Amino acid sequence: MSTDTTPPLAFVDTETTGLDPFLHEAWEIAVIFSEGDLDTEHVFRIKPDLTNASPKALEINRYHERTSAPGWKWDNAGSATERLHGLLKDVVLVGSNPSFDAAMLSRLFGMHHPNWKADPAPWLYRTIDIATLAAGYRYGQAASGRYGGDFAFSSDYPQLPYKSYDLSRAVGVDPPTADVAHTALGDARWARDVYLTVTGGERVPALGR
């Protein structure tokens, strides 16, 4: 294993049965683990309890359509969460609103992982939100004078509340198309592309995983 202390990145996304981590569940989780110049993609599918599911959430992520498609298979919840927990140990989570994903993942571990209480959030505490990252990048461009002079902000510069798709386009990355939007892997790939565009393609070294 490398002795480099730079933490690895994990580009993540969860598809859920709603927005409340105390009530709803993650049913599809994607992790793109960054190892040097290579990415390894992992997708986990864990069958949820739909008793308290939000119909709107299931409509947006096309739950019924996708899970009834030929070839769809659910993973064993215990072994999947054990693998997922190990994959996310000591990584930096990167995503679109990754604090939401982190809360949903902690709930998932609490439901299915036998050692959850010992380490309910195995990732490093400071997550990276691609919308905030892209907004800072655009503000930096304005301040540097590359667009419109010193500290000149035109109407296309980030306005609160931040909109992730608008910010993605502003840094030159097309948001996910309709066929892959709100799929875990599609959104994780999008988060990776925005991050790498803003950081100039910087990746962390492999740590022997």
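The values are calculated or read from the model by the stated rules, or taken from the named source; none is laboratory data. Everything numeric in this text was worked out from a predicted model, so none of it was measured. Neighbour counts run over all protein chains shown; Cβ positions are idealised from the backbone, glycine included.
Of note:
- Ala191 under 14 Å from the mean Cα position of the chain (by Cα) and either more than 30 Å from Lys56 (Cα to Cα) or in a loop (DSSP other than H, G, I, E, B) (or both): no
- Residue match in region 54-72 (condition: within 14 Å of the chain's Cα centre (by Cα) and exposed (fewer than 13 other Cβ atoms within 10 Å of the Cβ)): no
- Index of the failed condition, Gly149 passing every other in (1) assigned to a helix (DSSP H, G or I); (2) modelled with pLDDT under 95; (3) exposed (fewer than 14 other Cβ atoms within 10 Å of the Cβ): (1)
- Looking only at region 104-130, and only at residues there that are closer than 22 Å to Pro8 by Cβ and small (Gly, Ala, Ser), the one that is farthest from the chain's Cα centre (by Cα): Ala118
- Filtered residues of region 93-110 (kept if assigned to a strand (DSSP E or B) and either at pLDDT below 95 or closer than 16 Å to Glu28 by Cβ (or both)): Gly95
- Picking from residues in region 100-136 that are among the aromatic types (Phe, Trp, Tyr) and out of contact with any strand residue (DSSP E or B) (no Cβ under 7 Å at 6 or more places or on another chain), the one that is surrounded by the most Cβ atoms within 10 Å (Cβ to Cβ) is Phe109.
- Considered as a group, the residues in region 1-29 that are acidic (Asp, Glu) and modelled with pLDDT of 95 or more include one that is nearest to Trp190 (Cα to Cα), and that residue is Asp13.
- Subset of region 8-55 (residues that are hydroxyl-bearing (Ser, Thr, Tyr), part of a strand (DSSP E or B) and touching a residue at least 40 places away in the same chain (Cβ under 8 Å)): Thr14, Thr16, Ser34
- Taking region 30-80 as the range and being at positive phi and either touching a helix residue (DSSP H, G or I) at 6+ places or on another chain (Cβ under 8 Å) or modelled with pLDDT under 95 (or both) as the test, only Gly36 passes.
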